[in-house]
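K.L.:
Questions regarding the structure given below will be posed in turn.
The values are calculated or read from the model by the stated rules, or taken from the named source; none is laboratory data. This one's a predicted model, so the numbers in the text were calculated from it and none came from an experiment. Methodologically, a virtual Cβ is constructed for each residue, glycine included, from the backbone with ideal geometry; neighbour enumeration extends over all protein chains shown.
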Amino acid sequence: MTRSMLGLMAIVIATAPAAAQNKPEEVVNKAIQAHGGLTILKKFPAGTSKIAGKVSINGMDFPYSGSLVFTIPGRVRSEMTMKTPGQNVTVVQVVNGDKVHQTENGRTSQLDEPVQRELRESAVIQEMSLLYPLLDTAKYTLVAEADVPVGGEDAAVIVVQSKGLKDTRLFFNRKTGRLVAMQRRGLDPNQKAVDEVTTFSEYKTIDGLVVPMKSKVTHDGKPFLEIIVAEYKPLEKVDDKPFMIE
């Protein structure tokens, strides 16, 4: 699954009256089955995708295309070429454990610590998207909250807590079990803290794995990023080369 444009709509998440809640582990186990089952998810700890969409910055939309490769734990590489007036800008971001690196049109970027933390967190989120790691009680703490409507349908809400991760809410459709949204505190391009909500839709089954082919990200309720997956390839393993940082 794809989140990390590191990590990435029109949605209203309203507080609903308290209702009977499943144990968070039950919600996650149902989601695991809805996304292909434990065997399939564990078979493919890595993947590549070709993506396109648009980024909205200061009221202007910029189309982009790019690619993503990941493997868990903790390694992600994204490449995005954005069309701006007068030139194209290609940004490459690499996370390899605690190490992060970014280039813009081939030149190394100097990243402030908050940006580095955000990139590391994107790798954790990529791992979370495989769902079964959430059941590792040594790494993750799960807390159930009352259901809320997402896209007009009830969704179970699980708060995920972990070292190196800001509290993250995951929303699972009650009927299908699929992950339909994620909410966390993120950073906008100006490094301002924002309420970041990502929605996932247009699920497709690929080699038994059920993955979203479209995602939308908002910052403080305003459109920020749209991701359309043109091609996704689940992988059992991936070469180390894409994640090398000198």
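K.L.:
Report yes if A52 is small (G, A, S), modelled with pLDDT of 85 or more and closer than 27 Å to K175 by Cα, otherwise no.
P.N.:
Working: small (G, A, S): yes; modelled with pLDDT of 85 or more: yes; closer than 27 Å to K175 by Cα: no.
Against the criterion (small (G, A, S), modelled with pLDDT of 85 or more and closer than 27 Å to K175 by Cα), A52 does not qualify.
K.L.:
May I pose another question? Against the definition (assigned to a helix (DSSP H, G or I), more than 23 Å from K216 (Cα to Cα) and hydroxyl-bearing (S, T, Y)), how does T39 come out, yes or no?
P.N.:
Yes.
K.L.:
Condition first: among the hydrophobic types (A, V, I, L, M, F, W, C), over 15 Å from the mean Cα position of the chain (by Cα) and over 28 Å from E231 (Cα atoms). Now tell me which residues in the range 160-210 satisfy that.
P.N.:
Answer for the range 160-210, where residues must be among the hydrophobic types (A, V, I, L, M, F, W, C), over 15 Å from the mean Cα position of the chain (by Cα) and over 28 Å from E231 (Cα atoms): A193, V194.
K.L.:
Could you list all residues from the range 203-217 that are in contact with a Ser or Thr (Cβ under 9 Å, 6 or more places away or on another chain) and either of a type in the set (D, E, K, R) or at pLDDT below 95 (or both)?
P.N.:
Within the range 203-217, K214, K216 meet the criteria.
K.L.:
Still on this model: Checking the condition modelled with pLDDT of 95 or more and in a loop (DSSP other than H, G, I, E, B), which residue from L130, L142 passes?
P.N.:
Numbers: L142 fails: in a loop (DSSP other than H, G, I, E, B).
When all the criteria are applied, what remains is L130.
K.L.:
A further question on this structure: How many residues does the range 148-193 hold that are surrounded by fewer than 18 Cβ atoms within 10 Å (Cβ to Cβ), of a type in the set (V, I, T) and part of a strand (DSSP E or B)?
P.N.:
Number of matching residues: 1.
K.L.:
State which residue is farthest from I228 (Cα to Cα) when the search covers only the range 54-98 and only residues that are assigned to a loop (DSSP other than H, G, I, E, B) and out of contact with any Gly (no Cβ under 6 Å at 6 or more places or on another chain).
P.N.:
Step one: of the range 54-98, the residues assigned to a loop (DSSP other than H, G, I, E, B) are 58-59, 72-74, 85-86, 97-98.
With out of contact with any Gly (no Cβ under 6 Å at 6 or more places or on another chain) added as a condition, the list becomes 58-59, 72-73, 85-86, 98.
Numbers: N58: 21, G59: 20, I72: 22, P73: 24, P85: 22, G86: 24, D98: 28 Å.
Top of the filtered list is D98.
K.L.:
Let me ask another. Any idea which of K237, K216, K233 is outside any strand (DSSP E or B), out of contact with any His (no Cβ under 8 Å at 6 or more places or on another chain) and under 23 Å from V92 (Cα atoms)?
P.N.:
On the way: K216 fails: outside any strand (DSSP E or B); K233 fails: outside any strand (DSSP E or B).
One residue alone meets the criteria, K237.
K.L.:
Can T137 be described as β-branched (V, I, T) and not in a strand (DSSP E or B)?
P.N.:
So T137 passes the test.
K.L.:
Have a look at E236, E231, E196 and point out the one that is closer than 23 Å to L131 by Cα, buried (at least 17 other Cβ atoms within 10 Å of the Cβ) and at pLDDT 95 or above.
P.N.:
Matching residue, one of E236, E231, E196: E196.
K.L.:
Sticking with this structure for a sec: If we keep just the residues of the range 55-73 that are crowded, with 19+ Cβ neighbours inside 10 Å and aliphatic (A, V, I, L, M), which is modelled with the lowest pLDDT?
P.N.:
V55
K.L.:
Further question on the same structure: Return the residue satisfying two criteria in turn: it lies in the range 157-173 and is modelled with pLDDT of 95 or more and in contact with a helix residue (DSSP H, G or I) (Cβ under 9 Å, 6 or more places away or on another chain), and of such residues it is nearest to R117 (Cα to Cα).
P.N.:
Among them, the one singled out is T168.
K.L.:
On to the next question. Working only within the range 133-147, note down all residues that are crowded, with 18+ Cβ neighbours inside 10 Å and out of contact with any Ser or Thr (no Cβ under 7 Å at 6 or more places or on another chain).
P.N.:
P133, L134, L142, D147
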